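Here is the structure we will look at.
The values are calculated or read from the model by the stated rules, or taken from the named source; none is laboratory data. Here the structure is a predicted model, which is why all the values come from computation and not from measurement. Cβ sites come from the backbone with ideal geometry, for glycine too, and all protein chains shown count toward neighbours.
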Amino acid sequence: MKGLKIIVLAKQVPDTRNVGKDAMKADGTVNRAALEAIFNPEDLHALEQALRVKDRVKGSTVTILTMGPGRAAEVIREGMYRGADNGYLLTDRKFAGSDTLATSYAIGQAVRNLEPFDILFAGRQAIDGDTAQVGPQVAEKLGIPQVTYAEEVIDIKPKELRIKRRLERGVEVVAAPMPVLITVHSSAPSCRPRNARLVMKFKHAKTVSELQDAAEDYLELYNTRTYLKIKEWSADDIKVDDKALGLSGSPTKVKKIENVVFKAKESKVLSNSDADMDDLMKELIENHTIG
Amino acid sequence: MNNIFVYCEIEDSTIADVSLELLTKARSLALQLGCKVEAVALGSELNGIEKELFSYGADVVHVGDDKRLSPFLTLPHTSVIKALFEQEKPQIGLFGATSVGRDLAPRIASALKSGLTADCTSLEIGDHYEKKTDTTYKNLLYQIRPAFGGNIVATIINPDTRPQLATVREGVMKKEVRPDPSKGEVKTIDVDTFLSDTDMVVKIIERHIENRKVNIKNAGIIVAGGYGVGSRGNFKLLYDLAEVLGAEVGGSRAAVDAGFIEHERQIGQTGVTVRPKLYIACGISGQIQHRAGMADSSMVISVNTDPNAPINQIADYVIIGDVAEILPKMIRYYKKNSK
């Protein structure tokens, strides 16, 4: 079987799972600067599935594609430390403010700009938006089938994949032809750790923008070792209609952002004494809450 | 024309709760908008499916009955819904935020180039004034959802594209049989004209769907535990209390992540939303994401060693102390007083 061309869609996200007090500004908006930027967790599960396919089918390659600001190149390096072959950073002010439709349009155009692929992996959803929309929308833009909520690629045939899906109330195994887009669920195996040898090899990989601060001796290294070049694409590089990007390409608008407010109750504070527990139970039984 | 369409999820000829909840909600939105509610039922052997859909609020039921539409597959369902929406031009299209709805709705939104909001917890009708263009939009769908890991709530609108599409979380809206059920009209979808071979390229090889074993969503009393319970072993105390009270046991995400309790019992934004008459929170600090899933409980008792735990702010009773000590006492004094 010939090697497969695999693309992993990955996103750098603020770590919304660990939001401290200083993460919210007084006006109720999010202070992104106070949150650590991380590799979106389910995208790491997606990367692992991609690397497992690469391990099984000799000659396969894994390419990371990410869209975001310049610092999102970190996601590509993290991917390469774990076994990805190369990566593309899609970055342009024109993408700012894109909702999922505009984002999937841009990513779809970028994928068309790459060489033909067999499998596109992505995390099911990103923890900053939790929408799970970009995967299916990219599949639609590319006119290929999608398999969402995937847990494992269980079999690889020359023209078909068998994929196990994790649904709310069970599992499903589907057969899908390639090319296909697969979104991977958090119940899938975790991503392998960084490989020390690959960290040494790729830690100096940079995008063109990152080169601006590089020293002269580094440039010499960079120019002789092509694997250190992380490709960077702007909107113009991927043949897009600017009107379909950013705010103008986004049908959804945020009308309002509010803090989550719960109506505080006046609570009765009890001790763990027998008398208090006795009284509480009497009260609950009397007012028919229990019993 | 320009009605509210609800995609109804069907598994083994049973309509998903979330779809009935959506019909109930769509009914109240339709009253405000002066339009009708149309349900879409795709599957096979759907004879008589319309009755339940009418009783929960549909005025019209579109039935697409074809072997190729059951079990659910993305591509054939997308093709049928896309064609139906292009023909009927709904102003609003609603889906459950389930593994079906969240697979299907984005594909349809992309095909129709319409705006879609995921995982809404509330839907309202309202106006919007756009300063830049000095335009006032009347009667838009306000799609309200938690964002940023549940730390904020965002109201999203789709001013210019139709239909306005949203997926809605299960259990956050109430299903109610309509007091004045409409006689209703059944419209048959000519599935054949919408499907082609290319829609059938993905095949289901195996499928194991289980009926839900736990039913915390509809429980009257819930005993829920958090990370503060300490161990899977300590959770036994919660099951003991639940047994004497006739309650179900739930857990916070932290307790699920720590392996104290299984995922299907998770309460909160990424789990189930509950509104029991009594919620006993044991060792739960009460992150926003957890409170969002239980704040509508009629009565809340918090058992916590920390007097400043956020959950105490929304509790009717706060018992300061250790779960391992307090729960056995609750059981003892319940037994004593209930006789």
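General observations
- Pair list, Cβ under 8 Å, 6 or more apart: segment B:185-208 residue farther than 16 Å from B:Thr78 by Cβ, other residue acidic (Asp, Glu) and part of a helix (DSSP H, G or I): B:Val186/B:Glu50
- Among the residues listed as A:Ile230, A:Ile290, the single one being farther than 30 Å from B:His290 by Cα and surrounded by 18 or more Cβ atoms within 10 Å (Cβ to Cβ): A:Ile230
- Segments classed as strands (runs of 3 or more DSSP E), wholly inside segment B:113-152, with at least 1 members that are touching a Pro at 6+ places or on another chain (Cβ under 9 Å) and within 7 Å of another protein chain (Cβ to nearest Cβ): B:116-120, B:122-130
- Enumeration of residues in segment B:207-235 that are in a loop (DSSP other than H, G, I, E, B), within 14 Å of another protein chain (Cβ to nearest Cβ) and either surrounded by 15 or more Cβ atoms within 10 Å (Cβ to Cβ) or of a type in the set (Gly, Ala, Ser) (or both): B:Ile216, B:Lys217, B:Ala219, B:Gly220
- Meets criteria (β-branched (Val, Ile, Thr) and assigned to a loop (DSSP other than H, G, I, E, B)) for B:Ile301: no
- Against the numbered list (1) assigned to a loop (DSSP other than H, G, I, E, B); (2) modelled with pLDDT under 95, B:Ala254 comes up short only at (1).
- The test for being under 30 Å from B:Thr14 (Cα atoms), buried (at least 22 other Cβ atoms within 10 Å of the Cβ) and over 19 Å from the mean Cα position of the chain (by Cα) holds for B:Ala247.
- B:Tyr333, sole failed condition from (1) in a helix (DSSP H, G or I); (2) more than 7 Å from chain A (Cβ to nearest Cβ): (2)
- Here is the figure for segment A:130-150: residues that are assigned to a strand (DSSP E or B) and either over 26 Å from B:Pro146 (Cα atoms) or facing another protein chain (nearest Cβ under 9 Å) (or both) total 4.
- In segment B:277-290, the residue that is farthest from B:Gly226 (Cα to Cα) out of those that are more than 10 Å from every other protein chain (Cβ to nearest Cβ) and in a loop (DSSP other than H, G, I, E, B) is B:Ser285.
- Residue match in segment B:44-51 (condition: touching a Gly at 6+ places or on another chain (Cβ under 6 Å) and over 14 Å from B:Glu185 (Cβ atoms)): no
- Segment B:246-270, subset under 14 Å from B:Pro146 (Cα atoms) and in contact with a Gly (Cβ under 6 Å, 6 or more places away or on another chain), residue farthest from the other protein chains (Cβ to nearest Cβ): B:Gly268
- Of all residues in segment B:176-206 being more than 22 Å from B:Gly64 (Cα to Cα) and within 13 Å of chain A (Cβ to nearest Cβ), the one that is surrounded by the most Cβ atoms within 10 Å (Cβ to Cβ): B:Ile205
- Hey, B:Gly293 more than 10 Å from chain A (Cβ to nearest Cβ), surrounded by 18 or more Cβ atoms within 10 Å (Cβ to Cβ) and modelled with pLDDT of 95 or more or not: no
- Only one entry in B:Pro159, B:Pro106 is touching a Leu at 6+ places or on another chain (Cβ under 7 Å) and in a helix (DSSP H, G or I), namely B:Pro106.
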